1. For residues that are in contact with a strand residue (DSSP E or B) (Cβ under 7 Å, 6 or more places away or on another chain) and modelled with pLDDT under 95, scanning just the stretch B:165-203, find the one that is farthest from the other protein chains (Cβ to nearest Cβ).
2. Among the residues of the stretch A:165-188, are any under 12 Å from the mean Cα position of the chain (by Cα) and either under 29 Å from residue A:109 (Cα atoms) or crowded, with 24+ Cβ neighbours inside 10 Å (or both)?
3. For residue B:9, are the conditions met, namely being assigned to a helix (DSSP H, G or I) and under 13 Å from residue B:112 (Cβ atoms)?
4. Has the stretch A:29-36 got any residue that is under 16 Å from residue A:323 (Cα atoms), at pLDDT 95 or above, assigned to a helix (DSSP H, G or I) and away from every other protein chain (no Cβ under 14 Å)?
5. Pick from A:80, A:95: which is within 14 Å of chain B (Cβ to nearest Cβ), surrounded by 16 or more Cβ atoms within 10 Å (Cβ to Cβ) and either at pLDDT 90 or above or not in a helix (DSSP H, G or I) (or both)?
6. For the stretch A:284-314, name all the residues that are away from chain B (no Cβ under 12 Å) and in contact with a helix residue (DSSP H, G or I) (Cβ under 6 Å, 6 or more places away or on another chain).
7. Would you tally the residues in the stretch A:102-119 being surrounded by 17 or more Cβ atoms within 10 Å (Cβ to Cβ) and either in a loop (DSSP other than H, G, I, E, B) or away from every other protein chain (no Cβ under 14 Å) (or both)?
8. Would you be able to tell me the number of residues in the stretch B:12-28 that are out of contact with any strand residue (DSSP E or B) (no Cβ under 6 Å at 6 or more places or on another chain) and assigned to a loop (DSSP other than H, G, I, E, B)?
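The values are calculated or read from the model by the stated rules, or taken from the named source; none is laboratory data. Quick caveat, the model's predicted, so the values are computed rather than measured. We place every Cβ from the backbone using ideal geometry, glycine too, and count neighbours over all the protein chains shown.
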């Protein structure tokens with residue numbers, strides 16, 4: 001077996017633990033220097049491969065690589081760049097293979113969600129067709145938790161923990177103030193299509209917090225929603241609303257799209273949270289507060305789930321081990337064995353079954369009224385937020401790592417991305 | 001000395017550490033049972049005293065009271081209820097004295113900001129006039145850090161730490177994505193008049209993060225702001241904007257007040273963050289993301305500053321000790337001795353000097369261009385965010401305490417608050 005180099009890239013929206021997978025890929029590859037040469041990383045994801053901007057991770061110390069385990073976001077840069085279909089843009093796929101060939105790359109580790117699983121799959125296919133076989137392994141990552149087959153996705157457990165912890169804290173705040181002030185608090189969370197993150201708000205019922213969740217899977221019904229909130233406020237004095245950014249009306253229009261305009265007639269981009277808050281104010285007169293967590297939720301490494309960090313690392317490690325076993329076009333997965341005690345093992349999925357399939361919340365995970373989660377969902381979620389994995393601190397701030405990210409010399413002609 | 005009971009109340013917006021002060025007041029009082037009888041707490045702050053809803057804290061176990069140290073928000077309920085001046089509403093002050101008299105209360109510990117310092121002061125004055133002397137001690141609390149005399153206010157250090165940590169994490173996220181996606185990230189923080197919280201965003205410069213801060217103390221200049229952001233994006237590829245909710249134009253209009261209306265012509269309440277984000281999008285075309293931390297920031301006990309928790313406890317303890325020494329109409333303070341190493345001692349301020357005075361960011365703490373902080377400010381802030389003080393966790397969530405809050409029988413006629 002001729003020793004080949006490896007290529008690793010981060011794709012799409014980053015997470016609090018994607019670097020833990022990167023750490024695992026690099027550390028595991030370093031342990032197998034007899035079989036894997038250098039690990040190159042794509043500067044800004046797959047774009048780096050296209051324009052031949054490869055980072056030489058061997059220039060980073062063992063300490064810096066180990067630091068990735070506790071550092072959020074994408075240490076090498078990620079990108080929102082979806083390769084088009086093979087038919088419409090075959091030249092991009094061919095270019096990738098050319099770059100891999102030029103740098104003796106035989107392993108392709110792609111760390112991302114559904115789109116990148118698809119890209120990864122296509123590359124493995126085309127590489128074979130072009131006579132330059134690449135072992136393409138997908139490393140799962142997505143805060144949305146919407147990949148199929150795997151029980152959960154690295155990145156999700158930490159967002160779920162962040163949302164559950166933050167919403168619990170804000171609930172205590174509102175509960176303190178509701179007698180004379182704020183009665184409803186609305187927090188907007190990520191999840192355009194799948195409501196997994198919003199579901200995390202449902203974990204607060206054990207603390208007797210009145211929570212109403214608005215899922216993207218449930219068509220928004222304003223009348224029912226307002227009645228539901230009113231009942232909770234009447235009973236408890238306050239109510240917490242967790243609204244998914246993907247919450248929408250029957251015609252598909254998002255709550256966030258209210259056709260609002262500013263004083264100058266410019267279209268105004270808002271969030272779903274202020275829309276929901278104003279809706280309640282108008283209908284019920286309640287004083288409100290609202291928050292939009294946005295990037296804070298997916299980058300919150302300071303409150304990452306220990307289970308999530310562990311799994312992100314294990315899946316990165318498993319990806320390299322699968323490559324060493326000669327596997328191609330696969331993705332390591334989490335296979336749950338039991339909820340209590342939580343037990344799981346690492347499995348393998350074929351990329352053809354993963355690519356372009358989205359996993360939504362099953363209806364059995366959402367309460368009958370559509371505004372909460374079921375016990376079944378709670379049993380699913382609880383293990384994923386278990387444990388804390390605090391980063392080290394220096395001068396009051398987390399001691400996150402910034403790599404040197406030294407590029408290697410280019411060998412090919414420049415390539416223009418479309 | 002006849003043994004009197006004590007009354008404790010939480011006032012205004014709650015914080016991540018106000019319960020640490022409550023914990024200290026109760027624990028210290030319990031250690032001096034020879035001099036202090038029971039500690040009653042106002043249910044929902046001073047409103048509880050007015051309507052004679054007093055909580056008997058002696059019904060809570062030592063364990064529950066100790067748990068307050070790691071529990072955010074107001075365990076007894078707080079309120080936004082400002083007593084009017086003595087002239088316009090003397091009956092409310094008189095009612096308070098009546099309630100105190102009826103329940104043999106000789107100590108009044110009021111945990112709040114500027115308004116409550118004023119109330120506390122007036123009560124001590126009036127009590128004397130009415131021949132029922134009360135020792136009124138103010139325990140400082142405010143996330144806005146705007147109380148005079150004391151070097152800092154409990155609650156602020158933890159918000160500052162939350163904002164610095166969260167913004168650092170989001171910065172790493174944006175840095176990962178900026179090549180093909182988000183170039184500016186706007187986070188809106190609290191602080192209607194004083195920019196102390198926004199200043200915490202300036203701590204990221206040590207991580208080489210390009211940050212632009214919009215303070216309430218600096219009149220907003222759109223042209224200068226846009227040019228400033230553009231320069232940072234050109235240099236670093238991205239820029240983080242920390243905007244204080246109190247940021248305003250020269251005529252006093254807040255950025256958040258854009259006179260926006262929804263499709264139905266209803267006035268739309270938004271935040272400053274989306275306004276700033278849209279402004280940059282229109283001027284420079286940058287893809288943006290924005291977050292509004294709102295209550296998340298002030299309730300974030302999970303990432304509280306250890307220094308802040310310690311000081312909140314120390315000041316609660318000092319308040320009781322001042323009362324035991326016979327002091328009246330005073331507030332314990334933090335007196336800074338040195339920045340590096342950080343040293344401070346507990347001092348005392350007369351309430352007449354504290355009431356209704358707001359402390360803004362000194363101009364020397366804001367950089368010349370108005371968009372950042374100076375080294376002097378950094379030296380002030382750094383000690384306040386030092387150390388982590390993690391709460392215990394159960395089942396993946398912080399194990400925060402909810403008290404029993406058992407009321408005592410009323411002795412007086414009902415009182416209608418205005």
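1. That would be B:191.
2. No, every residue in the stretch A:165-188 fails to be under 12 Å from the mean Cα position of the chain (by Cα) and either under 29 Å from residue A:109 (Cα atoms) or crowded, with 24+ Cβ neighbours inside 10 Å (or both).
3. no
4. Just the residues of the stretch A:29-36 that are under 16 Å from residue A:323 (Cα atoms), to begin with: A:29-36.
So of that shortlist, the ones also at pLDDT 95 or above come out as A:29-36.
Within this subset, residues satisfying the condition of being assigned to a helix (DSSP H, G or I) are A:29-30.
Now restrict to residues that are away from every other protein chain (no Cβ under 14 Å): A:29-30.
Yes, that holds for at least one residue.
5. A:80
6. Step one: of the stretch A:284-314, the residues away from chain B (no Cβ under 12 Å) are A:284-286, A:309-314.
The answer is A:284, A:286, A:309, A:312, A:313.
7. 12
8. 5
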